[in-house]
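Okay, so here's the structure we're looking at.
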Amino acid sequence: MKAFTKRFHRPLAGILAVLFFLATSAQAGPPLICHTIEIGQAKSLPWTNHGWNSGSESYDPKNLATDTLAILDSNAPVLVRMETLRRATLYARRDPQAARELLAKVFARAEAVENAGHPDALAWFDAGYLAECYKQWIGKNMPHMTDNLPLDPNPAANLDGYALVKKAIARRGQDPEMEFAAALITIEGPQADHEQHVLKATAGAKDDPLLAQNLKSRYMGDGGLTVAELFSKGSKTNP
């Protein structure tokens with residue numbers, strides 16, 4: 001009887017862990033959008049404070065593609081690229097034309113250097129991460145989060161941004177900040193890939209103070225788990 005109880009409790013515990021993790025993620029909102037990336041004093045798109053959706057009300061989305069590419073072309077670190085593309089996605093939802101223009105120009109930029117024989121890992125990272133941000137936000141109907149926002153079709157709906165991020169990592173070589181980005185993308189799977197990205201990001205954070213700060217930051221706000229704790233919990237949901 002004890003053996004049966006032990007066998008029964010083990011899968012049940014795994015199931016409960018999965019349900020808790022998914023429920024926590026669902027309540028918190030899309031991670032690439034609702035979790036602010038710490039970038040110190042680095043320049044990014046205009047923002048009023050540290051709130052995840054606190055963009056400047058006066059910002060004109062018609063400038064979005066130009067402003068975003070100016071930051072990406074300034075040799076910005078990966079963490080700055082992540083936060084810039086997160087903010088860009090929030091602004092893009094205000095203006096469907098601006099959203100399409102930004103996505104098209106970011107992809108055209110990556111393809112141009114590729115066709116010129118000078119493949120750029122960062123350009124493909126930008127394209128992939130922006131596509132994944134769009135897929136988590138544009139066109140989504142989320143009560144109390146997207147109220148009064150347009151529900152226009154998502155121009156990145158059929159794009160595999162994660163595949164492009166993995167392509168960028170392969171070309172870049174060892175890059176803990178890219179691994180951190182990939183870990184956020186894969187919070188809900190694929191699980192094996194997520195675990196590998198977490199391991200590499202965590203190892204690299206020992207020599208990257210800003211990445212370490214991001215791992216210690218509270219996931220989507222001041223309370224609850226840190227990002228590192230969330231990653232650890234997510235890795236344990238697979239029995």
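The values are calculated or read from the model by the stated rules, or taken from the named source; none is laboratory data. Note that the structure is a prediction, hence the values are computed from the model and not measured. Virtual Cβ from ideal backbone geometry, glycine too; neighbours counted across all protein chains shown. All accessible areas refer to the heavy atoms of the entire protein, side chains included, with ligands and DNA or RNA removed. Shrake-Rupley method; radii C 1.70, N 1.55, O 1.52, S 1.80 Å.
Numbers at a glance
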| quantity | calculated |
| --- | --- |
| Accessible carbon and sulfur surface of the stretch 149-233 relative to its total accessible area, %, 1.4 Å | 52 |
| Cβ-defined net charge surrounding THR36, 11 Å radius [Lys, Arg +1; Asp, Glu -1] | +1 |
| Residues with amide H under 5 Å from that of THR226, placed H, sequence gap 5 or more | TYR219 |
| Total formal charge among the other residues, if their Cβ is under 14 angstrom from that of ASN158, Lys/Arg +1 and Asp/Glu -1 | 0 |
